[in-house]
1. Relative to the present Cα-Cα distance, how much length would full extension add between Glu124 and Glu25 at 0.36 nm per residue of separation?
2. What does the charge add up to near Ile127, with Lys and Arg as +1, Asp and Glu as -1, over the other residues with Cβ less than 14 Å from its Cβ?
3. Before anything else, pin down the relative contact order of the stretch 4-120: Cα pairs under 8 Å, at least 6 apart, normalised by residue count, whole percent.
4. Hey, fewest Cβ within 10 Å first, where do Trp45, Trp9, Trp131 land in order?
5. What FRET efficiency would be calculated for the residue pair Ala87, Thr3, taking the C-beta separation as r and a Förster radius of 30 Å, to the nearest 0.05?
6. Fewest Cβ neighbours within 10 Å first, please rank Phe120, Phe113 accordingly.
7. Skipping prolines and chain starts, which residues have an amide H placed within reach, meaning under 5 Å, of the one on Leu39, given they are 5 or more residues away or on another chain?
8. Assuming 0.36 nm per residue, please report the length gained on full extension of the stretch Ala69 to Ser57 beyond their Cα-Cα distance.
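The numbers here are math on the coordinates, done by the rules we state, and not lab data. What you see is a predicted model, and the numbers here were worked out from it, not measured in a lab. When we count neighbours, we look across all protein chains shown, and the Cβ atoms used for this are built from the backbone with ideal geometry, even at glycine.
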Amino acid sequence: MATKVMDSWALMALFNDEPEADAVERILEQARVEKHKLLMSVVNWGEVYYSVMRGASAEKAEQKLAEIAAIPIEIVDADLHLTKQAAIYKATCKMSYADCYGAALAKARNAEFVTGDPEFHEVEKEIKIGWLK
């Protein structure tokens, strides 16, 4: 079973019903029928929370976290190994620190990173990107 790492960008596209939402839904459905395993860095999970809270409210952010909990996504804590790789990406690439955690998780798990965020062109040679279009 292949492993995919979900970016906060992908979930926000789903929650905001953006054009990429259908592609995200397909990925989630494939995970539900166990065609692949989904992971997300706890830092990217937090990014979803603060984005929704800032854009809407704390109540809406809590609702979205409940929705994420119902999706077959394993939230992965940031340990020293993951944090070191994220720090390396931050030092060498023009990416947000939160994005560096997602990329670090994909590299550590040899997984495809699912996003539509152009910042990830910075690490395209190191990790496989599943571009949402």
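1. 33.3 nm
2. Neighbourhood net charge equals -3.
3. Details: 151 pairs, mean separation 40.7, N = 117.
Taking the mean separation of contacting Cα pairs over the length of the stretch 4-120, I get 35 percent.
4. So the residues, fewest neighbours to most, are Trp131, Trp45, Trp9.
5. Details: r = 23 Å, r/R0 = 0.76.
The pair Ala87/Thr3 has a calculated efficiency of 0.85.
6. Values: Phe120 21, Phe113 26.
Exposure proxy ranking, most exposed first: Phe120, Phe113.
7. Lys4, Val5, Met6, Glu74
8. 2.5 nm
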